[in-house]
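The values are calculated or read from the model by the stated rules, or taken from the named source; none is laboratory data. These numbers were taken from a predicted model, which means no experiment stands behind them. Don't worry about glycine lacking a Cβ; one is built from the backbone with ideal geometry, like all the others, and counts go over all protein chains shown. Only protein heavy atoms, including side chains, enter the accessible area calculation; ligands, DNA and RNA are left aside. Shrake-Rupley method; radii C 1.70, N 1.55, O 1.52, S 1.80 Å.
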Amino acid sequence: MPAVRYPRLLPRTLSASQIWLDVVQAGSRLELTAHGAGAGAAIFSWSLADPYEQLSDAYTFMELRRVRPAVGDQLYSTLRRPMISVERDDTDHGIDLLGHDYWWPREKCLDALVEEARANAIPAPLRRDWPYAVNIFARTRISESGDLIDDPVETKEGDRIELRAKFDMVVAVMAAGTISPAIDILVDPTPGPDPL
Amino acid sequence: MNERSKETIRIPAREGVALDLRKGYRVSVVDLAGHQGADCVAVTPGGAVSCTRITRARNRRLFPKIGQAIYADDHEAMLTLMEDTSPGPHGLLVPPCDPTMYRLRGAGCAHPSCHDNFHDALARKGIQLGRTPPSICLFQNVVVDEIGAIVIGVNTSKAGDRVTFRAERDLVFVVSACPNDVFKRPPLQPTDLEIAIDTAEAA
């Protein structure tokens, strides 16, 4: 039997505040690569079958019993299902569930993502019910007194975070900031070695 | 001008209530027996819902200090923390207990939960949410250690400890006397809560 051949995969580059939204099939790998120091992105995700089953900080905290996901961990949905596994993180705990993205153009980016889903007939929750974002290439530290402190990630050009979808889902990405370096997104549908 | 009034409501263990608060009302959640958790959410008539993540981000805290607020998903303040006689620390990290959690932990499919209490109490007000917001977990003994591990212990609140908020907008405040008896050792079974509402600043 001939080997399955996938077309050559090309990354999509998002400059600061640009957006991307698409269906990511179960088993696919999502690569996010920084173009330089200060790059960042917010990721939203929900089940293709049910836009109200969403990537959740709270359920991930509950199941991991840790605030900083690491390679080998799974991020959970609002139905307590493993949703995304973390396969690579060059930045050492560069996936931030504690903070919240609210830079200036965020609302316009969200409007654009809502329109992108509508224009492509991709199932999405109502705008007010969109999930909260997971921030990548970002980290938050907690002081002894419970204060949250930005803990800058020393991202270098080429640093990468790789995630794998555990079931069919929609993924939306906002590249952070207004003058931050770009990020590359690549979706590789080649299934991983581990069973879903 | 309205007359000032005070009202108290008892929430039986494992149950939940939804209360209408006007802007300026003060609401106190009282742990009557000690060690009991009170899971809360708030919803405005316009559909804004209390948001643990935005609350953490706006206050730059795991839980607000006195004078800081609980925020909604529209980034506006909903409730300001006015008083806390408990040792805390309270929680904004984990979701309310739900039927799936109890089933996965071997407690069966019909165990009461804060998740169901929220939706049932809101339904009695004619409110339906498309999702379950993570709750404001009063009296919850949740801490994050220096390596980022989340440790949830038995609540350390004592009988009579109270947490008081001031409503910053008209809203429905939902409180569940957490039914969790899976992670508590006897005799620490779920107990009643009391809610005290004071209309002082709205009067």
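Averaging the sequence gap over all C-alpha pairs within less than 8 Å and six or more residues apart, then dividing by the number of residues, gives chain A a relative contact order of 46 percent. Label reach from A:ASP188 (point 7 Å along Cα→C-beta): in segment A:12-43, amide nitrogens under 11 Å belong to A:29-32.
Taking the Cα centre of chain A as reference, the dipole from Cβ charges on Lys and Arg (+1) and Asp and Glu (-1) amounts to some 420 debye.
Using θ = phi - 60° in the Karplus curve 6.51 cos²θ - 1.76 cosθ + 1.60, the 3J(HN,Hα) couplings for segment B:117-131 round to 4, 4, 5, 5, 5, 5, 4, 5, 9, x, 10, 10, 9, x, 8 Hz; x is entered for Gly and Pro.
Taking only the alpha carbons of segment A:50-92, we obtain Rg and Dmax values of 10.4, 32 Å in that order. The helix-based estimate of mean residue ellipticity at 222 nm for chain B, built from -39,500 (n - 2.57) per DSSP H run of four or more residues and divided by its residue count, is -3500 deg cm²/dmol to the nearest 500. Residue by residue, segment A:47-64 carries 3J(HN,Hα) couplings of 5, 5, 6, 8, x, 9, 9, 10, 4, 10, 5, 5, 6, 5, 4, 5, 7, 7 Hz when phi is fed to the Karplus relation 6.51 cos²θ - 1.76 cosθ + 1.60 (θ = phi - 60°); x denotes Gly or Pro. Values of log10 I(q)/I(0) for segment A:44-196 across q = 0.10, 0.17, 0.20 Å⁻¹ run -0.36, -1.12, -1.56, by the Debye formula with one identical scatterer at each alpha carbon and no solvent. Could you pull out the pairs from B:LYS6/B:LYS125; A:LYS166/B:LYS65; B:LYS6/B:LYS65; B:LYS23/B:LYS125; B:LYS65/B:LYS158 whose alpha carbons sit more than 29 Å apart here? Pairs exceeding 29 Å: A:LYS166/B:LYS65.
222 nm [θ] for chain A, helices only, -39500 (n - 2.57) per DSSP H run of 4+, per residue, to 500?
Numbers: 2 runs with 22 residues, N = 196.
Helix-only estimate at 222 nm: -3500 deg cm²/dmol.
Once you divide the Cα radius of gyration of the protein assembly as shown by 2.2 N^0.38 Å, the number left is 1.01. Relative contact order of chain B: 46 percent, from C-alpha pairs under 8 Å at least 6 residues apart in sequence. Dipole orientation for segment A:66-196: of the candidates A:ILE183, A:ALA133, A:ASN120, A:ASN120 has the Cα lying most toward the positive pole (charges on Cβ; Lys, Arg +1; Asp, Glu -1).
Seen from all sides and averaged, what is the projected area of the convex hull of the Cα atoms in segment A:111-165, in nm²? All intermediate terms of the calculation are to be shown ahead of the outcome.
Details: hull surface 26.5 nm².
Projected area, direction-averaged: 6.6 nm².
Only the Cβ atoms of Lys and Arg (+1) and of Asp and Glu (-1) were treated as charged; on that basis the dipole of segment B:1-137 about its Cα centre amounts to roughly 260 debye.
If R0 is 56 Å, what FRET efficiency do you get for B:CYS109 and A:ALA37 from their C-beta distance, rounded to 0.05? Once the sixth-power term is evaluated, E becomes 0.65. Once the C-beta distance of B:ARG22 and A:LEU9 is scaled by a Förster radius of 45 Å, the resulting FRET efficiency is 0.20 to the nearest 0.05.
Residue-wise HN-Hα couplings along segment A:69-82, as the Karplus relation 6.51 cos²θ - 1.76 cosθ + 1.60 with θ = phi - 60° gives them from phi, are x, 9, 4, x, 7, 10, 9, 10, 8, 5, 9, 6, 9, x Hz; Gly and Pro carry x.
With all protein chains kept in place, the per residue accessible area of the protein assembly as shown amounts to 43 square angstrom at a probe of 1.4 angstrom. Volume per residue for chain B equals 122 cubic angstrom (convex hull of Cα atoms). Calculated on the Cα set of segment A:28-74, radius of gyration then Dmax: 13.2, 36 Å. Model label points for A:ASN120 and A:ARG88, set 7 angstrom from Cα along the Cα-to-Cβ axis, are 2.3 nm apart. Label separation (B:THR156 vs A:GLU157): 5.1 nm, computed from points 7 Å beyond Cα along the C-beta direction. Averaged over peptide A:64-71, the number of partner chain Cβ atoms lying within 10 Å of each residue's Cβ comes to 4.
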